Every structure is written in C-alpha cells, then in structure tokens.
1. Nearest 10 degrees, 0 to 90: what angle lies between the long axis of helix A:12-24 and the longest principal axis of chain A (Cα atoms)?
2. Could you work out the relative contact order of chain B, using alpha carbon pairs under 8 angstrom and six or more residues apart, expressed as a whole percent?
3. Could you give the longest part of chain B that holds none of the trypsin sites (Lys or Arg not before Pro) found in DSSP loops with at most 15 neighbouring Cβ atoms within 10 Å?
4. Given H placed 1.01 Å from N in the peptide plane, which residues other than close sequence neighbours of B:I127 have an amide H under 5 Å from its amide H?
5. Going through the cross-link list A:K69/A:K103; A:K45/B:K28; A:K72/B:K28; A:K103/A:K127; A:K44/A:K69, which pairs have a Cα-Cα distance over 25 Å in this structure?
6. Using all alpha carbons of the protein assembly as shown, what is the percent of pairwise distances in each 10 Å bin, ordered from the shortest bin to the longest?
7. Modelling each spin label as a point 7 Å along the Cα-to-Cβ direction, I'd like the B:A9/A:K94 distance in nm, to one decimal.
8. Provide A:E11, B:E137, A:E43 in ascending order of the number of other Cβ atoms located within 10 Å of each residue's Cβ, fewest first.
Amino acid sequence: MSEKVLLVDDEKEFLEIMSERMTARGMEVTTANSATKALSILEKKTFDAIVMDFQMPGMDGMEALKAIKNLKPELQIILLTGYATTEKTVEAMKVGATDFLEKPADLESLTQKIKEAKTEKMLLVEKRTEDKIKEILQRHGG
Amino acid sequence: MANNDNLLAKSGLNFFGRMSASATHEIKNTLAIINENSGLMEDLSMMAQKGASLPFDRITDISQRVTKQVQRANLVLNKLNRFSHSVDRETETANLEKTVDVVLNLASRLIEMQGITIKVRAPSSPILINTNLFYLENIIWRAIETICNASQKAKQVNISLKNSSGTALLGFSSDSLDSNLMDNVFGSKEDLALLEHLKLSIKKNIENNGFDLIWPKSI
C-alpha cells in the first residue's frame, strides 16, 4: 500500500517538483503552501506522514507543529529546514516532530524516513486499538 | 564613549547575524529547488534508459527553472557581498534608496515570515548622505523591524524617502499600527547609541501612522 503524505512548503516550485518525484516513487501526495492550509486539509483527510518546512510565512513552525499534534496526535511529522539550531531541533522533537531533514534534502533519505514514519504510525494506531480493547474488556469484567 | 562603542558593537553583531541567517536561508531554498530539478532530470533520464521517450519540453522547463533560481541566488549573494563590504570604511557617501534595497533584499525572508509586503517610494533623483554605511543599514533594519512588529494586522508597510531643504527623511508607516507598541520606539540603549552615532533624529508621524528618521543634511 502506498504511503499517504502531506507535503507543506511555501516555495511553489519546490512543492510541484518534489510532489511529482514522490508520486513517481509510489507515494500518494497532497500539497499545501501554508501551515493554515495544511491544518484545514488534515481535518478532512488522513495521512501516514506530513513533510513540512519549519519556517514558513504566517503560522510559526513550532505553533504549526503543536496545532497538528493537537489535531492528529498519531501523525508522524518530518520537518524540512534550511538551518536548524540544536535548541530548535530539541524543542521541536519535544513537541512531537518525528524527524528532521536539512534542505536541500536527499529524496532517497526522505523516502526512507517516510516509510519508517508509516510503520511507526501503524504501531501507534495498533497500540491505541489494543488499549481500547483492553479497556472495554476490563469494563465488562473480562 | 567606550560604553557606546560596546552598544554599537553588540547591535551590529546581532544585525550582521540576522541578515546573514536570512540571506543564507533564502539561498538554501534556491538550492533545494535546483536540487529537485536535478533529481527530476535524473528521473527522466532513467525512464528514457528504460525505453520511454525523452520529453524535450520538460527538459527545457527544468533548464529555465534552474536558470531562474541561479539568478535568484545570485541577487541575494550580490547584496550579501555589498553588505559585507559596508564595514570597509568609517564614512562614505551612501545612496539612501540603494541602501534600503540592500536591507530589504537580505531581510526578505524575515519580512515574508510576518506576512507583510513593503512598498518603497523614492524621488527620481537619488538622496545621498555622508555616513557610516553599516550603521545606516543597521538603523534601517531596526526601523523596518519596529514598524513590522507594531503592525501585526497590517498587510503592507510603506517606506518613503524625501529630500527637502537639505534634510533627508526616511518615513516608515503602515495602515494598521498598534500605538502602544510605538510608545517606546527606538527605546533600547543599542538603538539610542545608533541614533547618536549617525547623528539623526526620530519623529513620530501620527498623521501617517508611523515615524520618520531625519538626517540634518543630505549632500
């Protein structure tokens, strides 16, 4: 099954070519040119991973990360960045970013990270389902 | 005096760091697009090796995209180079409009991040002043930063250059200004040291929703 990815970047050309190349590698790609648009798409569709530029006009990267995690806690977020300080990286990881990749990114590395993110998400969803079943069984004295 | 020098050095270093970070971030973005175009070319080449026909229109398209990004990066690098040379001389003749342009270009990413566009209006004849170019750039950036921070709801900030009766004026205004944030405009010790070093005064412009930087004498 193909990986469902939401690609978010304010650079239109980057978005176009990157999504074309990712699609050619079997991924199902949706694009958004701002964090606000990404949030509105996330309300309607589900994804295995989101690949997002950390510095975009409008909503601040950290603010966007928190809003996404709040909306979809299980979603894996890979951040793309021009330059990231160690402080920012640690802060983003604490808030819930799965991984970081510096621009210009190597597509093969990104593809690998997306595959890992999908597996991680599946494990999280499975764990959550298992916990729910256990909770129901306990409630009914099972 | 030594204290003022320290304040100028502190402000200058901070300014230099921010401009370099903004410009290099912009260059990184152009490199990312060039990198993806190169990757796309490689993908098309591999498909052609497997028997698909080579889409020549797409190759032309890729080539044009790369050229556009090279020009974009080159523009930033030219401004960055000019900016780096602004510390070469203690005093020189500066063209106010060109200096504003250098700062706007280097800081474009920082300004875009706030969702603000800046419109510059300048007279047809250049306004020249004798000053320290680096500190002039520094105070222009501080003025842009101040007006943008005080105009959170504004989409556009205006910079106007005027030259009247031997006075050079640089006005900063916006259509939506938080007057509370403007109360303490240029209130920091570093800003005051800059104003004093450049021998310029600042005046709130209530009519235009902003403030003016005034040099007593242009060339």
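1. Taking the Cα atoms of chain A, the angle to A:12-24 is about 60 degrees.
2. Relative contact order of chain B: 20 percent.
3. Free of exposed loop sites, the longest segment is B:90-152.
4. HN-HN under 5 Å from B:I127: B:L96, B:E97.
5. A:K45/B:K28; A:K72/B:K28; A:K103/A:K127
6. 5, 20, 25, 21, 15, 9, 4, 1, 0, 0
7. 3.3
8. A:E43, A:E11, B:E137
Quick note: the coordinates plus some simple rules give every number you see, no bench work behind them. Bear in mind that the values here come from a model prediction, so they are computed numbers and not experimental data. Cβ coordinates were reconstructed from backbone atoms using ideal geometry, including for glycine residues, and neighbour counts include every protein chain displayed.
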